[in-house]
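The structure appears right after this line, and notes come after that.
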Amino acid sequence: MTKSPLFDLLIVGAGPAGLSAAAEAAGHGLGVVVLDEFPEPGGRMLGQFHEEKGHWWVGRREAEQLLEKCAALGVEIRCGISVYGMARQDDRWVVRTTGGALAAANVLLATGAAEIPRPCPGWTLPGVMSIGAAQVLANVHYVKPGRRGLIIGVNTLAMAIARELAVSGVPIAGIVLPGPGPLSGEDASPKAVLAKLMGLAHLAPSPLLRIGGKIAGSLGIVGPAARFFPRSGMKIWDIPLLLRTAAISINGTDRVESVTLADVTGTGEVIPGSEREERVDFAALAGGLYPLAELAAVAGCPFVHVPELGGHIPLHNEQLQTPVKGLYVAGNITGIESALVAMAQGRLAAAAVCGDAGVLGTRRESKLLEAAQQVRRVRSSALIQFQPGIADARERVYKQYAGFLRAEVGGSMSK
């Protein structure tokens, strides 16, 4: 291995954040390599599409445009490669992969997010899948996951993919709550779920839900709203949203044949005698997302726990720099948000790398400020938001980062 780094920037993750960062960094003359464990670059963008301000945002089209730009700028993209280790040695990172070791001056982790598994009785039957798997089947491989399905779990991910499945012609019998239990927590409570939905009422697809959410939220009547939410549910894109119904078990012999449903109280307790069978041949479990951040831990980055951002995330500042020299983060590893936010974050992280590498010259501060402002603009107008209070949570993380650095400096001075 040579003494000088093989690459100026190594990016782990060929999704929206990673590809956007690669194009931006390569555009400023850096040598960039992107690694991804999947056989095709693009990440979850490949299966995503939604209406965005009067037009359809199609993730596959965005990915293709980014890949064309990366190819024109000489970015090297290696797919089917897993990263299992990384360590800082002298002035560079040595990254261990299934394709051999690579060296780079800087590393950007854009590893994205993973789905939270939500087990329930019968979840090992063929035909049970995560909501993301249903999305990939329908929108990436163009294969319907079944003839008629049920989504178990009410959250932003479930709502967004339900819309995609409806557009793709996949019949959905409804979106229901998971059954009560130690692993379901507040996700099985109509009151708690409705409170989260009301926090995102301005983004709701149904005008009724938008107006009702604002009124109920302003009057503080989430509890009564949960109690009086119609047991028959309300239609979202012609899909019944059933906040007073829970999935008790998934049934079948060799495959999914039905789901046992039951009515629940406003706090999630099953109402005896309300059980009935819903005939479906697939069930999609929607437990939400969490940041896929293990590599940041391997690299020695400190973590903070932020529920609004999906759980434990690597400590970072607004420019997406971590306290570890030469290590940057972008996209869902920093907190669960939409692909559009991840793309803006990728460009910001690349600007930070370029600034630290000295290739921006006198434009460093203005470039970073412009990129950071763009992230804020995209975040504030994003159609898909996973939790209320994301912007405030971000500010708390940045303050914790500043406090961590002050403590580090104070500790080194006292030695």
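In table form, for the structure just shown:
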quantity: Unique residue being modelled with pLDDT of 85 or more and not in a loop (DSSP other than H, G, I, E, B) when the list is Val143, Val154, Val193; calculated: Val193
quantity: Search result, residues across the stretch 79-137 that are out of contact with any helix residue (DSSP H, G or I) (no Cβ under 7 Å at 6 or more places or on another chain), of a type in the set (Gly, Ala, Ser) and under 30 Å from Gly179 (Cα atoms); calculated: Ala114, Gly122, Gly127, Ser130, Gly132, Ala133
quantity: Some residue of the stretch 49-65 being touching a helix residue (DSSP H, G or I) at 6+ places or on another chain (Cβ under 7 Å) and over 26 Å from Ser381 (Cα atoms); calculated: no
quantity: Failed item in (1) closer than 13 Å to Leu35 by Cβ; (2) open to solvent by 70 Å² or more (accessible area, probe 1.4 Å); (3) among the hydrophobic types (A, V, I, L, M, F, W, C), with Ala71 passing the rest; calculated: (1)
quantity: Thr253 vs. criteria without any contact (Cβ under 8 Å) to a residue 12 or more places away in the chain and assigned by the TED database to the domain that holds Asp187; calculated: yes
quantity: So Val324, is it touching a Lys or Arg at 6+ places or on another chain (Cβ under 8 Å), open to solvent by less than 40 Å² (accessible area, probe 1.4 Å) and not small (Gly, Ala, Ser); calculated: yes
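So that you can scan it fast, the table gives a plain yes or no per residue for (1) in contact (Cβ under 8 Å) with a residue 24 or more places away in the chain; (2) open to solvent by less than 10 Å² (accessible area, probe 1.4 Å); (3) closer than 18 Å to Gly27 by Cβ:
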| position | (1), (2), (3) |
| --- | --- |
| Ala286 | yes, yes, no |
| Val306 | yes, yes, no |
| Glu318 | yes, no, no |
| Leu340 | yes, no, no |
| Gln345 | yes, yes, yes |
| Cys354 | yes, yes, yes |
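Let's see how each residue does on (1) outside the structural domain of Pro307 (by the TED database); (2) at pLDDT below 90; (3) farther than 17 Å from Leu19 by Cα:
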position: Ala351; (1), (2), (3): no, no, no
position: Ser381; (1), (2), (3): no, yes, yes
position: Arg394; (1), (2), (3): no, no, yes
position: Val397; (1), (2), (3): no, no, yes
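The values are calculated or read from the model by the stated rules, or taken from the named source; none is laboratory data. All values derive from a computational prediction rather than experimental measurement. Cβ sites come from the backbone with ideal geometry, for glycine too, and all protein chains shown count toward neighbours. The protein model used for the area step is the full one, side chains on, heavy atoms only, and it has no ligands, DNA or RNA in it. Shrake-Rupley method; radii C 1.70, N 1.55, O 1.52, S 1.80 Å.
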